[in-house]
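In what follows, a single structure is set out as structure tokens and then discussed.
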Amino acid sequence: MQVILGGYMATTAYSKHYAREIDVEQLAWLLSGRQPDASEQVSEIDSKWSEWIRSDVQCSSCGRIGAHVVRSARSRGTQKVIRQSHFRFLGQDGNDAHHPFCEFYGEDDGVLSQPDGLVNLGSERSAETRLIRELVCKGIEQNLFDQSTIRAMRQWFFELKASSRFRMTVTPEQVEWARCLRRHAHYQRWTFHPAQAEMPGFDWAAAAKYQFTEEHLPLFELLRETPVEATHWRRAQELTIRHKDQEVFDLSALRPHYDAALTLCRFVAKNAGVKFSPTDPDSYRWKGPPVPLLALCGLSLFVSSWDMNAAIAMFAKLLRSPAPADLSRGNVIGLNPFHEYTPWRLVQVSADIASSSFDGQDYPGRLAAIEAKLREQHRLWKLQNP
Ligand SMILES: [Zn+2]
């Protein structure tokens, strides 16, 4: 479901009573005590359960209670699902019950922002999700972890994020500036000399770009290992707008754990003997790892007290265990502790760049100014070298 892949709402939550992560449909089945057939749509939940749900069901991330069931809705015209069934967390006063730093705080309108881009982890469609779900089931059957371990991991991560914070003063323009720098080709180096411009077809625009590289070298270092994909940068801009002047969590505490999980992802993908995704493991850092794999790697490390080789040993055990008897035990939804890690990291990188870059934040304008400067150097040089 959307929630694990950068989504906006709590489509699943943690039931204390059932000690597992569930979605609205699963809760309906559990409460009514019957398994539906495959064709059945979302089941009704009797309103007599409302009070019980409010105190039993917790947010997967911040752990707050106050869950209300919101049923799915379809567009009247196209019959497309425009709102998934989900849990809305409300306090006694009717306001958002999530912790202000919770990833679901203020985001529970339940409207799907990209209905076509959804990957439904609850379905069997995604091969990589199916693979990970099987491994999760094996881990539970082998007593390597259980649903409450997953819950504990989520809580641990949440507290880590919430323990350090900063005020959001980054602007969308600063994010855009960082994005332009990220896209600027800076690997080739070239030093301008006015004599070069005597070439009949001299490329002034290219010269300006080379010069730009020389003048902004330290900034490219800050951008190392950040993604190029526009979606992450756009989301980073959205975050700066949504959280303008608010206190938000500081992601740097998360970074060593994210990096470790990513390293484990790459090792596992290269050595597991099964194919997790079409993406080359060496480019996970730039393109992003498969989210279900990242989530399971995070869990392996969490259970192994962040000892890389212990986590690898555990993963080997998962891969070598017999096929699980019960596939329903491994709901991977809600597993990913690194929700929106990448756009938040881009927000921080943009802040770092903005604080060390003094010469304006208009990329095309800056290039034009540099070109004008080089042309002027050439003009003066010509006067001396007629
Ligand atoms: Zn929450």
Sorted largest first, extent of the chain alpha carbons per principal axis (Å): 93, 50, 43
Taking only the alpha-carbon positions of the range 261-386 and ignoring solvent, what does the Debye formula give for the base-10 log of I(q)/I(0) at q = 0.12, 0.19 Å⁻¹? -0.64, -1.11
Quick one: with all protein chains in place, what share of the accessible area of the chain is carbon or sulfur, to the nearest percent (1.4 Å probe)? 51
Jot down the per residue volume, in cubic angstrom and as a whole number, of the convex hull over the alpha-carbon atoms of the range 184-270. 183
Sequence-distant residues sharing a close amide H with residue 89 (under 5 Å, placed H): 68, 97
On C-alpha positions alone, give me the angle between the axis of helix 341-356 and the longest principal axis of the chain, in degrees, nearest 10. 30
Please report the Cα spread of the range 259-299 along all three principal axes, rounded to whole Å, starting with the longest. 21, 20, 15
How many Å² of accessible area per residue for the range 176-313, probe 1.4 Å? 50
q = 0.11, 0.18, 0.22, 0.26 Å⁻¹: log10 I(q)/I(0) that the Debye formula gives for the range 129-213, counting C-alpha atoms only: -0.68, -0.91, -1.04, -1.21
Given a Förster distance of 30 angstrom, what is the FRET efficiency for residue 191 paired with residue 247, based on the Cβ-Cβ distance and rounded to 0.05? 0.10
³J(HN,Hα), Karplus 6.51/-1.76/1.60, whole Hz, each residue of the range 263-275, x for Gly, Pro: 4, 5, 3, 5, 4, 4, 4, 7, 10, 6, x, 10, 8
Filter the cross-link list 270/317; 161/317; 161/270; 138/275 down to pairs whose alpha-carbon distance in this structure exceeds 22 Å. 161/317; 161/270
Global form of the range 343-386, assessed from the alpha-carbon gyration tensor, a/c cut-off 1.5: prolate
Scaled radius of gyration (Cα, divided by 2.2 N^0.38 Å) that the range 194-349 gives: 1.41
What are the chymotrypsin sites (Phe, Trp or Tyr not before Pro) within the range 201-263 that DSSP puts in a loop, where the Cβ has at most 16 other Cβ atoms within 10 Å? 202
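The values are calculated or read from the model by the stated rules, or taken from the named source; none is laboratory data. For clarity, every value in this text was computed on a predicted model and none was experimentally measured. Note: ideal-geometry Cβ built from the backbone for every residue, glycine included; neighbour counts use all protein chains shown. Just so you know, the surface numbers come from the protein's heavy atoms only, side chains and all, with ligands and any DNA or RNA stripped out. Shrake-Rupley method; radii C 1.70, N 1.55, O 1.52, S 1.80 Å.
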